[in-house]
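Structure first, then comments.
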Number of protein chains: 2
Amino acid sequence: MSIRYLSARLAQQIDDELMNAAGAFSLDQLMELAGLACAQALAKVYGTEKYSRVLVACGPGNQGGDGLVAARHLSMFGYKPTIYMPKPGSKDIYQRLHTQCKNLNITTVTEGEEALRSALKSSDVILDAIFGFSFKGPIRSPFDSALPLLSASGLPIVSVDIPSGWDVEAGNEAGVGLNPDVLISLTAPKEGVRMFTGRHFLGGRFVPRAMEEKFNLNLPAYPTYEQIVDITEATQKL
Amino acid sequence: MSIRYLSARLAQQIDDELMNAAGAFSLDQLMELAGLACAQALAKVYGTEKYSRVLVACGPGNQGGDGLVAARHLSMFGYKPTIYMPKPGSKDIYQRLHTQCKNLNITTVTEGEEALRSALKSSDVILDAIFGFSFKGPIRSPFDSALPLLSASGLPIVSVDIPSGWDVEAGNEAGVGLNPDVLISLTAPKEGVRMFTGRHFLGGRFVPRAMEEKFNLNLPAYPTYEQIVDITEATQKL
C-alpha cells in the first residue's frame, strides 16, 4: 500500500474536516504544528553552523502563516531568520504570528526587488512558504518577479507542501516554479510533487486514524515522538 | 548562572505577558506546544512496548488542557491513553481538545472511585496534569480522594509542572502530594520543585530571549530542534 497523493480538492476537504465542528482543531493549533514541522525539516538538513541565515519567504495565505511559525521556531533553534513578506495576510492570526516574530527581533523585508536581492545575498538557505495547496496560477505580482530571484540566488531551497509556482496537481510542467532541494509535505503529499526527486519529509502528525482510513491516505509511520518523517525512499520508489 | 525557579506570581506574570497583546500568543498555541512537550517527555522515559497504557489525569484548569493535548499526541505516538477527568474545564478550548481526543477513540473516565481504581488497574504509567502553577490548597473533592489512589497504584508517575498536591512554592511539605518519578517543568521550574530528585525535563520552548533576560530565567540550551531538554543534572547540582 503506497502513500496517497492528494488532489487539491481532497487536500482542501481534509483541511476542512480537521477544522469543522466535528474535527474541532483550531487554525492556531494546526498552523503551530505545521510550522514546527517545517522548521524541524529545515534544521534536519541544514545545520546552524553553515546555514544559520534563513530567508523565510511567506505568501499571503495560510502557508505564509506556517512560514511565520517556522521562522519563530527557527529563531528559537538558534538560526537567524529573515522574513520576506511582500503581501502580508489579512487574517488576525497572521498579524499575531508576525508580532511573535518581531518579539524575537526577526527582521521583515516587505517590498522591492532590491531589498529581496540584498536579503538573498546575506542568506544561506531559503524556506519557501509562498504558495500552498490552494494555489492556482498564474503567479501574480510581486511573486512573479520574486520567484526567479529566489531561483537565481543559487541558495538551497526548502519548500513547504508544494514548491511555489508548481501546480498542485500538474507539478512544474510550466517550468516556472522553484526547484527545491528539500520538500516538506504537510498531512500527505500532493499530486503535483510525484516527480519531486529531492529529500522529502512529511509533517502534520495530527490526522486521526479514522480520517486516514476514510481517505485511504496510507500514511507512513513516524519515528517515536517525532513530528516529521523522512519519506524520500518511500516516495521515490513509486 | 543557574536556572531560576519561579514563584507562583512570577509564573503567572510570564504566562500573562506571553498572551497579552504584546506577547501575542494564543492559548491554543501555548497549550499545543506545552502538551506536545509533556507527551514527548513521557515517551522519552516510558516506551510504548512496556508502557503503552497511559492514564492521563486532567484537572479543570489550563493544565488539564495541556493533559488533553498530551493525550492526543500520545495516541498519535502509538500509546493507548485513557483520560481521567472528573471535573472537565468549562473553557471552549477544553471542549475542543476533548473532542479531538474522542475522535481518536480515547476513552474518558469521568467519575467514581471505582472507575478510577479500575482504570488504574489497566494502566502502565500516569501522566499527572491535575494541578498547575495556579494551584492553591486545600485539595478539593474529588481530587482529595483521587490523589491517594494514584499514589497507591504504584504506577510510575510523570507530573506536569508541579506534582499535584504540592504547593507551588513550598513543595510537598504537607506530604499530601504525588511523588512522581519524572517531572516536566513548563517554561521554567517552579520554587516548589527544588527538592524534586527524579528525572526532570523542561518544556515550553517559546519564551522570547528578551523575556528570558527581563526575568533572569537563565534557561538551559535545548538540543537542536527538540521541544524538551533534560535538566536532571542541572537542577540536582543546586
Which residue of chain B is nearest the rotation axis onto chain A, counting by its Cβ, and what is the distance in whole Å?
-> B:Asp28, 2
Label 7 Å along Cα→Cβ of A:Asp144; the stretch A:76-93 residues with amide nitrogen under 19 Å?
-> A:86-88
Could you calculate the FRET efficiency of B:Thr107 with A:Lys80 from 1/(1 + (r/R0)^6), where r is the beta carbon distance between them and R0 is 51 Å, rounded to 0.05?
-> 0.65
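For chain B, what relative contact order do you get, as a whole percent, if you take Cα pairs closer than 8 Å and at least 6 residues apart?
Working: 454 pairs, mean separation 51.2, N = 238.
Normalised by residue count, the contact order of chain B is 22 percent.
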From the label point of B:Asp16, set 7 Å along Cα to the beta carbon, how far off in nm is each other copy's matching point, shortest first?
-> 4.3
Using alpha-carbon coordinates, inclination of helix B:143-152 to the longest axis of chain B, degrees | 80
Inter-copy spacing of B:Pro138 label points, which lie 7 Å from Cα along Cα→Cβ, given in nm from shortest upward | 7.7
How big is the gap, in Å, between the Cα center of the stretch A:31-71 and the Cα center of the stretch A:116-183?
-> 14
Note the angle between two axes, namely the Cα long axis of helix A:62-77 and the longest principal axis of the Cα atoms of chain A, as a number of degrees from 0 to 90, rounded to the nearest 10.
-> 70
Nearest 10, in degrees from 0 to 90: the angle of helix B:92-102 to the longest Cα principal axis of chain B is 50
Extension gain (nm, one decimal) between A:Glu226 and A:Lys214, 0.36 nm per residue minus Cα-Cα = 1.9 nm
Charge dipole magnitude, Cβ of K and R +1, D and E -1 - the protein assembly as shown, Cα centre, debye nearest 20 | 180
Might you report the magnitude of the Cβ-based charge dipole of chain A about its Cα centre, with Lys and Arg at +1 and Asp and Glu at -1, to the nearest 20 debye?
-> 300
Top positive-direction residue, dipole computed over the stretch B:8-236 with Cβ charges, set B:Ile83, B:Gly203, B:Leu186 = B:Ile83
Calculated label separations, A:Thr232, copies of the chain, 7 Å along the beta-carbon direction, nm = 3.3
Within straight-line cross-link reach of A:Lys102, lysines at Cα separation under 23 Å, skipping those fewer than 8 residues along the same chain = A:Lys80, A:Lys87, A:Lys91, A:Lys121, B:Lys214
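Values quoted throughout were computed directly from the atomic coordinates according to the rules given, and no laboratory measurement underlies them. Keep in mind the model is a prediction, meaning the values are calculated, not measured. Neighbour counts run over all protein chains shown; Cβ positions are idealised from the backbone, glycine included.
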